[in-house]
Amino acid sequence: MDDATGSRDHPRPRVGCRRVTAILEPYTAHPYFAVELHFRRGTAGDPIGQEGLTHLAAELLMRGTRRQTRADFDATVEGLGAGIEVMAGRDDLAISADGLSRSMETLIDLVGEMLVEPRLDEEELERLKRQTIAEIAERQDSDEELAQHVFYQVLYGSNPFGRPTKGTRASLAGLTLSHLRERLPTLLARERLLIGASGDVSPARLESALRPWLERLPATSVPEAPSVTLPNTGQRRVVLIDKPERTQTQIWIGVPGPSVHHPDFLPLMIGNTVFGGTFTARLSREIREKRGWSYGANSYLFGLRDHGALCAHFYPATKDAVPALRLGLRLLERFAAQGVNRRELAFAKSYLVNGFPFRLESARKRLDERLRLELLGLSQSHLDTFVDRVGAVTLADVNRAIATHVRPDSARIVIVCTAKTLRKPIERLVGSAGLVQVHPFDVEWRHGQD
């Protein structure tokens, strides 16, 4: 296969350091390239009480270097017609840059300058803290964002993955440049780096551009991240985020699921496609189409290295919230108890197989898929075998995976609503075996609050 469509042997060239992995997805038809750097440690590694530290560190990288002020740095990037972005996720810190291939060396030099010579300006830090606190306040104005934010904290409980990625007002107030200087060598450790590049780029040219600054990254030994497990208590828990005068609600439901390494993950993915993974799935058909209770109703399955979850979301009017929640839970219970039938299985497998090529339709998409596999610790052949693996899954495989992993009795439910209107009927719905809590919308959820 020629270099315009990628190489089947998935090249991993050395890029100046034995422990650094690089993945290339070449495409020479256009003079464009993109590079991604993933440092395998994210916001879940923030110390307790210092939530938001990784987010601040990542954002501050974009605010000038020792050689250039923030304004000069931004002007240089814009002058190249290029872009640089930094994102702090729960399990990795990602930096991406893209532009015309003729500017590759200059753009990569700028990225390297960010990483090894950050300005770390006190005034910029204080400005960034104020901006982040304002973003936290703005989240309270969006019912959807607020519901999702609290949902993941409730889903994870006291696990580090449940910590707010941007921190809280209290944690941000206490963070200083000293904390950032201490954190950055751990975050940017060379041994945790994964590099990806796509477009008009060769291994030799990429290595030449990366080597000067790659060797200057800290070689700090970083302990492995702790294992993540989701609580599976056998008790339903509902958190009502109390917001006055709501005419519409936001409802999230989640149950623990398998990791991507578990043999049941793919069968459960197929099962979720039936339950809520398409516009015509059970959840959408029953809640949206038949009853008109919510404009959208869907579910998705996510899986990471050591855990996963199946999550559902819909947003009915206040008057329909209790019956919609009751139906959603009944559908989940029926899904767990009865699984799917042969017709549904055939449709779900066809849907996944037919949609698969769109995940690989460009060099950048192929690169993103391959980086995802590497970050999850999966074989690069995972993509090549996807269609065959889907085809090999049987009805018994799917229904066994559903019965094993979908536990409606352990559901975590978060609802943004006016609590005085819905608390009592939801308590009756959940029953004595469940727990219903009310939390004010303008008070930050505390880490590990149970």
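Read-outs throughout are calculated quantities, based only on the coordinates presented, and are distinct from any laboratory measurement. Just so it is clear, the model here is predicted, and its values are computed rather than measured. Virtual Cβ from ideal backbone geometry, glycine too; neighbours counted across all protein chains shown.
Quick check on the chain: helices-only [θ] at 222 nm, where DSSP H runs of length 4 and up contribute -39,500 (n - 2.57) each and the sum goes over total residues. Nearest 500, please.
-12500 deg cm²/dmol
Ordered by packing density, taken as the mean number of other Cβ atoms within 10 Å over each peptide's residues, highest first, how do 347-354, 404-411 rank?
Ranking the peptides 347-354, 404-411 by packing returns 404-411, 347-354.
Based on a Kirkwood Rh over C-alpha pairs, give the Stokes-Einstein translational diffusion coefficient of the chain at 20 °C and viscosity 1.002 mPa s in µm²/s.
D = 90 µm²/s.
Between segment 56-87 and segment 337-374, what is the C-alpha centre distance in whole Å?
Their Cα centres are 36 Å away from one another.
By DSSP, what percent of the beta bridges with both residues in the chain are antiparallel, rounded to the nearest 5?
70 percent
Which of the GluC sites (Glu not before Pro) found in segment 347-450 are loop residues per DSSP with 15 or fewer other Cβ atoms within 10 Å of their Cβ?
E361
Under a 10 Å cutoff between Cα atoms, tell me which one of F335, F151, F279 has the largest fluctuation in the Gaussian network model of the chain.
F279
Residue separation times 0.36 nm, minus the C-alpha to C-alpha distance between Y300 and V353: what's the value?
Using 0.36 nm per residue and subtracting the Cα-Cα distance, I get 17.4 nm.
What does the charge dipole of the chain about its Cα centre add up to, to the nearest 20 debye, if the Cβ of each Lys and Arg holds +1 and the Cβ of each Asp and Glu holds -1?
1600 debye
Do any of K166/K319; K166/K365; K243/K319; K166/K424; K290/K319 go past 22 Å between their Cα atoms, and which?
K166/K319; K166/K365; K166/K424
If you take the Cα Rg of segment 265-312 and divide it by 2.2 N^0.38 Å, with N the number of residues, what do you get?
Normalised Cα radius of gyration, segment 265-312: 1.23.
Determine the sum of side-chain charges near P212: Lys and Arg each +1, Asp and Glu each -1, restricted to other residues whose C-beta is under 11 angstrom from that of P212.
Spelling it out: positives minus negatives among the neighbours equals -3.
For segment 237-440, what Kirkwood radius comes out of the mean inverse Cα-Cα distance, in Å?
Its Kirkwood hydrodynamic radius stands at 18.1 Å.
With only alpha-carbon atoms in the gyration tensor, what are the semi-axes of the equivalent ellipsoid for segment 21-214, in Å, largest first?
Here the semi-axes work out to 31, 19, 16 Å.
Quick one: length gained pulling K365 to T106 fully straight, 0.36 nm per residue minus the C-alpha distance?
So the extension gain works out to 90.8 nm.
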